[in-house]
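Working notes for the structure below.
The values are calculated or read from the model by the stated rules, or taken from the named source; none is laboratory data. Computed from a predicted structure; not experimentally measured. Every residue, glycine as well, gets a Cβ built from its backbone with ideal geometry; the counts of neighbours run over all protein chains shown. SASA here: full protein model, heavy atoms, side chains in, ligands and nucleic acids out. Shrake-Rupley method; radii C 1.70, N 1.55, O 1.52, S 1.80 Å.
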Amino acid sequence: DTGVSQNPRHKITKRGQNVTFRCDPISEHNRLYWYRQTLGQGPEFLTYFQNEAQLEKSRLLSDRFSAERPKGSFSTLEIQRTEQGDSAMYLCASSLDVGLYGYTFGSGTRLTVV
Amino acid sequence: AQKVTQAQTEISVVEKEDVTLDCVYETRDTTYYLFWYKQPPSGELVFLIRRNSFDEQNEISGRYSWNFQKSTSSFNFTITASQVVDSAVYFCALRNSGGYQKVTFGTGTKLQVIP
């Protein structure tokens with residue numbers, strides 16, 4: 001297990017299309033997070049899973065966004081009817097307990113909506 | 001509500017100079033955790049350090065050192081004898097003890113080390 005894996009690395013889509021990103025966390029990590037980072041900004045929290053349960057969602061996460069983590073393993077983040085404002089880097093992170101160890105981040109998926 | 005402020009947007013130093021990155025935070029909790037992350041040009045965020053609110057001891061790790069002062073709500077990061085490989089964006093972050101582990105990041109400081 002070499003870390004948090006995110007696919008695809010880059011995605012270009014036309015406005016109005018749906019996109020789905022995948023995150024494979026470190027296998028023993030029960031906590032999984034999605035963040036969004038726009039140019040010149042720090043990562044902004046989107047949502048958090050503990051095992052398969054989605055425990056918190058940011059107000060940034062409109063109803064066009066949905067995330068799942070079936071069986072508490074990998075996670076998917078889907079954006080429906082994409083808008084140009086959705087263009088950003090989408091980061092996935094996992095941890096055992098972030099208070100002790102911090103997150104381990106993936107390399108991110110860069111979304112460009114044209 | 002919690003907030004992290006990194007007032008320095010960009011810093012340029014010449015190689016071998018020392019540089020300090022500032023971080024000021026706001027929280028109402030008495031127990032919280034502070035972090036620093038490095039984001040090199042490749043894009044992946046790398047965890048550097050975690051500090052608990054009840055442990056104000058400063059920490060040194062090689063050329064890196066961290067100064068935590070609760071009285072001023074600051075958690076500053078110093079790189080001694082900077083190297084070109086230190087060029088990156090550095091993020092300070094805060095997490096409270098309760099809630100669902102959400103971490104709030106600052107806007108980052110871009111450090112450029114010139115050879």
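Quick notes on this one:
- Taken over the stretch A:61-89, the criterion of being within 13 Å of the chain's Cα centre (by Cα) and open to solvent by 70 Å² or more (accessible area, probe 1.4 Å) is satisfied by A:68 alone.
- Residue that is farthest from the other protein chains (Cβ to nearest Cβ) [pool: residues in the stretch A:103-114 that are of a type in the set (Ser, Thr, Tyr) and open to solvent by 10 Å² or more (accessible area, probe 1.4 Å)]: A:112
- Within the stretch A:65-114, being aliphatic (A, V, I, L, M) and in a strand (DSSP E or B) holds for A:67, A:77, A:79, A:88, A:89, A:91, A:93, A:111, A:113.
- Taking the stretch A:11-33 as the range and being among the aromatic types (Phe, Trp, Tyr) and either within 11 Å of another protein chain (Cβ to nearest Cβ) or not in a strand (DSSP E or B) (or both) as the test, only A:33 passes.
Conditions tested, residue by residue: (1) surrounded by 15 or more Cβ atoms within 10 Å (Cβ to Cβ); (2) within 11 Å of chain A (Cβ to nearest Cβ); (3) aromatic (Phe, Trp, Tyr).
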position: B:18; (1), (2), (3): no, no, no
position: B:30; (1), (2), (3): no, no, no
position: B:53; (1), (2), (3): yes, yes, no
position: B:69; (1), (2), (3): no, no, no
position: B:72; (1), (2), (3): no, no, no
position: B:86; (1), (2), (3): yes, no, no
position: B:89; (1), (2), (3): yes, yes, no
position: B:103; (1), (2), (3): yes, yes, no
position: B:110; (1), (2), (3): yes, yes, no
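- Considering the conditions (1) touching a Pro at 6+ places or on another chain (Cβ under 7 Å); (2) facing chain B (nearest Cβ under 10 Å), residue A:94 is excluded by exactly one of them, (2).
- Search result, residues across the stretch A:90-102 that are touching a residue at least 12 places away in the same chain (Cβ under 8 Å), over 18 Å from residue A:22 (Cβ atoms), surrounded by 19 or more Cβ atoms within 10 Å (Cβ to Cβ) and not hydrophobic (A, V, I, L, M, F, W, C): A:95
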